[in-house]
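One structure is given here, and the rest of the page talks about it.
The values are calculated or read from the model by the stated rules, or taken from the named source; none is laboratory data. Remember, it's a predicted structure, so these values are computed and weren't measured experimentally. Positions of Cβ are backbone-derived with ideal geometry, glycine not excepted, and every protein chain shown enters the neighbour counts.
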């Protein structure tokens with residue numbers, strides 16, 4: 001998950017007198033994740049740091065507090081596509097299709113109302129197959145979704161009720177104050193029950209060009225499941241390079257296949273995992289070395305190399321020269 005999922009966590013915790021860096025370390029999170037948006041971090045660690053902080057601060061509504069301080073910008077390019085969708089329905093479809101760019105195992109989708117009420121839909125939040133998220137993370141995410149819809153339509157949208165799968169962490173009235181609707185606990189799924197008419201509601205201030213650019217960017221981040229496996233491997237590596245796992249096992253886990261299966265599928269296309277990773281690193285290295293003044297040590301880190309000497313060896317293999325020489329030639 002992108003570390004943007006922790007937007008406003010530091011400010012909220014410090015406002016309550018807590019130490020966000022200490023809680024991050026206890027949860028196994030890099031402290032840098034508190035202050036930057038694009039580190040790839042374990043989603044379970046985000047859930048853990050919220051629970052740890054809530055207990056330490058004796059603040060059972062911490063997830064609600066953090067969500068109340070967050071805004072749509074947390075979703076990065078996806079936020080641009082959502083804001084410039086022609087209708088709420090289009091915005092939700094876009095969210096469902098491209099949420100993987102923000103979080104690989106987080107899913108937001110529309111379903112039929114579980115109560116069978118006419119004219120009502122369920123806006124469901126799910127977190128991986130068979131996984132039940134911890135309460136604070138669930139509270140934070142579901143309230144964020146509610147606030148995002150409220151922002152898109154410019155006010156209330158007729159929320160019928162809220163279903164949460166856990167017992168209330170804070171008093172019930174605190175939840176109902178945050179959502180402005182009835183909240184039910186211990187339900188099978190986390191969802192917002194919304195009027196079906198909401199889907200056709202047009203959004204104002206839409207820029208079709210901005211939306212097209214955002215969608216083009218999002219579509220390049222990970223091709224559709226039917227795309228060649230080499231393209232999907234490269235897309236996962238492109239997101240993880242320099243911030244997450246770039247080994248075969250990690251990429252196979254992101255694509256929900258066994259590592260040996262992934263190797264066989266790549267071999268069937270005449271490709272190898274090492275070749276794809278090397279090609280991506282070469283492309284990124286050329287961009288960093290010829291288009292920026294970034295120090296070589298930083299370039300090495302962004303390519304996922306343990307030390308600068310590895311970059312030097314690769315540069316001589318790729319271009320027959322050193323990184324510094326390549327940069328000088330580009331400037332000339």
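In table form, for the structure just shown:
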read-out	value
Scope segment 2-25; condition within 23 Å of residue 254 (Cβ to Cβ) and assigned to a loop (DSSP other than H, G, I, E, B); matching residues	7
Residue match in segment 135-152 (condition: assigned by TED's automatic domain parsing to the domain that holds residue 68 and over 21 Å from residue 95 (Cα atoms))	yes
Any chance residue 312 is without any contact (Cβ under 8 Å) to a residue 24 or more places away in the chain, in a helix (DSSP H, G or I), closer than 17 Å to residue 241 by Cβ and in the same structural domain as residue 248 (by TED's automatic domain parsing)	no
Residue within segment 279-289 that is crowded, with 16+ Cβ neighbours inside 10 Å, under 27 Å from residue 102 (Cα atoms), touching a helix residue (DSSP H, G or I) at 6+ places or on another chain (Cβ under 7 Å) and free of Cβ contacts under 8 Å to residues at least 24 places away in the same chain present	yes
Checklist (1) closer than 29 Å to residue 238 by Cβ; (2) more than 14 Å from the chain's Cα centre (by Cα) applied to residue 74, failing item	(2)
Test result for residue 46, surrounded by fewer than 18 Cβ atoms within 10 Å (Cβ to Cβ) and within 24 Å of residue 187 (Cα to Cα)	no
Close pairs (8 angstrom Cβ cut-off, 6 or more residues apart or separate chains): closer than 19 Å to residue 191 by Cβ in segment 87-107, crowded, with 19+ Cβ neighbours inside 10 Å and modelled with pLDDT under 80 anywhere	105/127; 106/127; 107/127
Set 226, 242: member being buried (at least 16 other Cβ atoms within 10 Å of the Cβ), modelled with pLDDT under 90 and part of a loop (DSSP other than H, G, I, E, B)	242
Residues (surrounded by 12 or more Cβ atoms within 10 Å (Cβ to Cβ) and modelled with pLDDT under 80) located in segment 190-219	217, 218, 219
Residue in segment 115-135 that is within 14 Å of the chain's Cα centre (by Cα), touching a residue at least 12 places away in the same chain (Cβ under 8 Å) and on the phi > 0 side of the Ramachandran plot present	yes
Odd one out for residue 84, checked against (1) closer than 18 Å to residue 144 by Cβ; (2) crowded, with 21+ Cβ neighbours inside 10 Å	(1)
Candidates 266, 303 - the one that is touching a residue at least 60 places away in the same chain (Cβ under 8 Å) and surrounded by 15 or more Cβ atoms within 10 Å (Cβ to Cβ)	303
